[in-house]
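Structure first, commentary second.
The values are calculated or read from the model by the stated rules, or taken from the named source; none is laboratory data. All values derive from a computational prediction rather than experimental measurement. Positions of Cβ are backbone-derived with ideal geometry, glycine not excepted, and every protein chain shown enters the neighbour counts. The accessibility values were calculated without ligands, DNA or RNA, using every heavy atom of the protein model including side chains. Shrake-Rupley method; radii C 1.70, N 1.55, O 1.52, S 1.80 Å.
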Amino acid sequence: MERRNFIKGFVGLGSMCFVNWSEAMEGLRINCYEKNIMEKIIRLLNYGVLAPSTHNTQPWKVLLDENAIIVKGDNSRKLLCVDANNREWLLSLSAFVQTILYAGNGMGLSMDIEHIYDKENFGDPQFKIHFSENEGLRNKYILDIIQSRYTDRTSYDSNEISYGTVNQILNLDKENLVYFSKDSWQGRIIGEAQIEAFIQQSNNVSMQTELGQWLRFNKEDKDKKGDGIFPEMLGLNKISKFVWYNSFSEKTALNKSFINTSIKNTRKQLKNLSGFLVITSKRNDIESTISAGLLYQKVLLKCTEHNIKNHTISQTLEEEPWKSTIHKNIGMFKPIQFIIRVGTNNTKGYGKAIRRNVNTIILK
């Protein structure tokens, strides 16, 4: 197995170097407990944990080194059914890294990354993020955007997003980012495929059981666990939230009525929107997947900046035959890593602060 690779490139807000695994880990010292450094790191991580992740699993953990953070994946938070090849796990981890990059610059820090990886193992990457003071980069605006971002699963207005706004989003990466309006033939195919894939996945007992493990039916879990999916994150009204907390349990995910309601809501979501942002990658290898995850968070934050509501829909890229054919069906010849439902509405943020305490992700 070829495990070592040296590639240089630029990603996010700093340089990314692909370095030798064993050499990078030799002499690792966890000695950054000086008060001023720790305060910066804790603040930085408090922004980082606001990154999106599948089922809000937050699959990251960090080691602290001198003037550096080592980001690793948390294997206990992998979704073994819906994400058997760790693709979405790696994408979520990459979005976390991108959030730290943006937050670091917002706080007045220069950020440089060493990406340490096994070329053939999607499930074992590490990122070593070095930082140093650079007051010229300080930008409170990006910190506000990070705090304002959230996934809006409600229905949107059906109005078209202005060309200028769409173009500003697409300018993030014209090679790997495309927009399709809901009324385009590509938009119709995506919408139909998502409904069919959602129905298929909803009737898969193993996947629904796994989903149930991340649905939170206890209010106390918000503070105790700080992860998973709460009704506040789904945009439910007061009556629906009352029923959720008082009548549902983990097994509810397998109930036919629960599944039918979820399908009905999905149909409504895909009827009321402006269009879809599609993120592609050059290949399906680990480097391309990481780049897509970094771009993903850039896109979500740019949408937030322009008050474009967004909701990442995953089933089309998780279920066969759609995950193998959707890119060809809409005239694209590169792997699709994300499909994001976008639009506008007047809803306010909800549930965006449901995250684990930073202390729970730091490895001692």
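Residue-wise test of (1) at pLDDT below 95; (2) within 16 Å of Ser94 (Cα to Cα); (3) open to solvent by less than 20 Å² (accessible area, probe 1.4 Å).
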| site | (1), (2), (3) |
| --- | --- |
| Leu295 | no, yes, yes |
| Pro321 | no, no, no |
| Thr325 | no, no, no |
| Gly343 | no, no, yes |
| Lys348 | yes, no, no |
Answer yes if at least one residue in region 91-101 is at negative phi and either at pLDDT below 95 or open to solvent by 30 Å² or more (accessible area, probe 1.4 Å) (or both), and no otherwise.
no
Taking Tyr179, is it of a type in the set (Phe, Trp, Tyr) and open to solvent by less than 60 Å² (accessible area, probe 1.4 Å)?
yes
Look through Asn346, Asn359, Asn329 and report the one residue that is within 15 Å of Phe180 (Cβ to Cβ) and of a type in the set (S, T, N, Q).
Asn329
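Of all residues in region 210-233, which are assigned to a helix (DSSP H, G or I) and open to solvent by 50 Å² or more (accessible area, probe 1.4 Å)? Break it down stepwise before answering.
From region 210-233, those assigned to a helix (DSSP H, G or I) are 210-212, 221-224, 231-233; that's our starting set.
Once the filter is applied, which keeps residues that are assigned to a helix (DSSP H, G or I) and open to solvent by 50 Å² or more (accessible area, probe 1.4 Å), region 210-233 yields Lys222, Asp223, Lys224.
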Return yes when Thr280 is modelled with pLDDT of 95 or more, touching a His at 6+ places or on another chain (Cβ under 8 Å), closer than 30 Å to Ile336 by Cβ and among the polar types (S, T, N, Q) and no when it is not.
yes
First in region 290-302 and over 22 Å from Ile161 (Cβ atoms), second anywhere and of a type outside the set (D, E, K, R) and in a helix (DSSP H, G or I), Cβ under 6 Å, 6 or more apart
Ile290/Ser94; Gly293/Leu91; Gly293/Ser94; Gly293/Ala95; Leu294/Ser94; Leu294/Gln98
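Scan region 18-62 for residues that are modelled with pLDDT under 50 and open to solvent by less than 40 Å² (accessible area, probe 1.4 Å) and jot them down. Walk me through how you get there before you give the answer.
The initial filter retains those residues of region 18-62 that are modelled with pLDDT under 50, namely 18-33.
Once the filter is applied, which keeps residues that are modelled with pLDDT under 50 and open to solvent by less than 40 Å² (accessible area, probe 1.4 Å), region 18-62 yields Phe18, Val19, Asn20, Ala24, Cys32.
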List the residue pairs whose Cβ atoms are under 9 Å apart, where the first residue sits in region 251-265 and is within 14 Å of Asn204 (Cα to Cα), the second is among the polar types (S, T, N, Q) and not in a helix (DSSP H, G or I), and the two are 6 or more positions apart or on different chains.
Ala253/Gln213; Ile259/Asn203
Scanning region 63-110 for residues that are charged (D, E, K, R) and in a strand (DSSP E or B), which turns out farthest from Ile145 (Cα to Cα)?
Asp65
All conditions in (1) modelled with pLDDT under 95; (2) over 25 Å from Ile195 (Cα atoms); (3) open to solvent by 30 Å² or more (accessible area, probe 1.4 Å) are true of Lys302 except (1)
Region 163-186 residues that are at pLDDT below 95, paired with ones that are assigned to a loop (DSSP other than H, G, I, E, B) (beta carbon under 8 Å, 6 or more apart)
none
Examine region 342-349 for a residue that is of a type in the set (Ser, Thr, Tyr) and within 18 Å of Gly187 (Cβ to Cβ), and state whether such a residue exists.
yes
For region 268-291, state whether one or more residues are farther than 24 Å from Asn204 by Cα and among the acidic types (Asp, Glu).
yes
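Pull up region 301-341, narrow it to residues that are assigned to a loop (DSSP other than H, G, I, E, B) and hydrophobic (A, V, I, L, M, F, W, C), then point me to the one that is nearest to Ser53 (Cα to Cα). Lay out the reasoning, then the answer.
Residues of region 301-341 that are assigned to a loop (DSSP other than H, G, I, E, B), as a first pass: 306-308, 314, 318-321, 330-335.
Now narrow it down to the ones that are hydrophobic (A, V, I, L, M, F, W, C): 308, 330, 332-333.
Details: Ile308: 19, Ile330: 26, Met332: 25, Phe333: 26 Å.
Here the residue is Ile308.
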When every residue in region 155-171 that is open to solvent by 60 Å² or more (accessible area, probe 1.4 Å) and under 22 Å from the mean Cα position of the chain (by Cα) is compared, the one nearest to Gly331 (Cα to Cα) is Asn171
